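Report on the following structure.
Nothing in this text is a laboratory measurement; each read-out follows from the coordinates by a stated rule. Keep in mind that what you see is a predicted model, and the values were worked out from it rather than measured. Because the Cβ atoms are built from the backbone with ideal geometry, glycine has one as well, and the counts that use them run over all protein chains shown.
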Amino acid sequence: MRRTITKRVGEILLSQQVITKAQLEKALAYQQARGGLVGQILVALGFVSEEEVALALTAQYGFPFLPLENYEIDEAVTRLIPEHVARQYCLIPIDRIGNALTVAMADPSNVQAVEDIELLTRCVVQTFVSTPSDILKAIGHCYQPGTNSHPADGGEAGSSRAG
């Protein structure tokens, strides 16, 4: 599902008076020279927090914000997406009800990530926004060594899972 974007993240942060025009211009110049996402650049430059960018993304895209710090993630749901895919797209599956998979991601504008997850899981993805550090902490917790971090790696021979 495509969403119409009326304002960019930098403009939202500026209108919310989280950053100044000079800070936005500095971030845009950095982006022009080196590439990257404006929100991540603003964080790297120390102008905003990850949470402020995540909240601006919720305003931009209309996806709800979900702080993962105290959220209990069902580790069985994380088995639907291999760890390397979760890290590549900076996302983590948090819940599944029937054919609907709820995913927290740092960049809700990444349509390719959503499409790949839908193909991989055969589920319809519902997106929430979270901070990159919260997602990476959750990935580190849920995909611990010895857990099923990549279901395709030799899963069937030693698997006791009925299915």
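At a threshold of 8 angstrom on Cα-Cα distance, excluding pairs fewer than six apart, so keeping six or more, what relative contact order does segment 9-61 reach in percent? Intermediate results must be reported in sequence, preceding the final value.
Values: 42 pairs, mean separation 22.9, N = 53.
Normalised by residue count, the contact order of segment 9-61 is 43 percent.
Rounded to the nearest 0.05, what FRET efficiency is calculated for residue 111 and residue 17 with R0 set to 35 Å and r the Cβ-Cβ distance?
Here the calculated transfer efficiency is 0.70.
Which value, in debye to the nearest 20, gives the size of the charge dipole of segment 9-61 about its Cα centre, when Lys and Arg are +1 and Asp and Glu are -1 at the Cβ?
Working: 3 positive and 5 negative charges, 43 e Å.
Charge dipole, segment 9-61, about its Cα centre: 200 debye, nearest 20.
About the Cα centre of segment 75-142, how large is the charge dipole given +1 on each Lys and Arg Cβ and -1 on each Asp and Glu Cβ? Please answer in debye to the nearest 20.
Approximately 140 debye in magnitude.
Let me have the relative contact order for segment 1-115, percent, based on Cα pairs under 8 Å that are six or more residues apart.
It comes to 19 percent, rounded to a whole number.
Please list, ordered by chain and number, the residues whose modelled amide H lies under 5 Å from the amide H of residue 102; skip anything fewer than 5 residues away on the same chain.
94, 95, 96, 97, 126
So if each residue of separation counts as 0.36 nm, and I subtract the Cα-Cα distance between residue 51 and residue 71, what length gain in nm does that give?
Extra length available between residue 51 and residue 71 comes to 5.6 nm.
Which percent, to the nearest 5, of DSSP beta bridges fully inside segment 57-143 are antiparallel?
45 percent
Tabulate in residue order the Karplus-calculated ³J(HN,Hα) for segment 132-137, using 6.51 cos²θ - 1.76 cosθ + 1.60 with θ = phi - 60°, rounded to whole Hz; enter x for Gly and Pro.
x, 5, 5, 5, 5, 4
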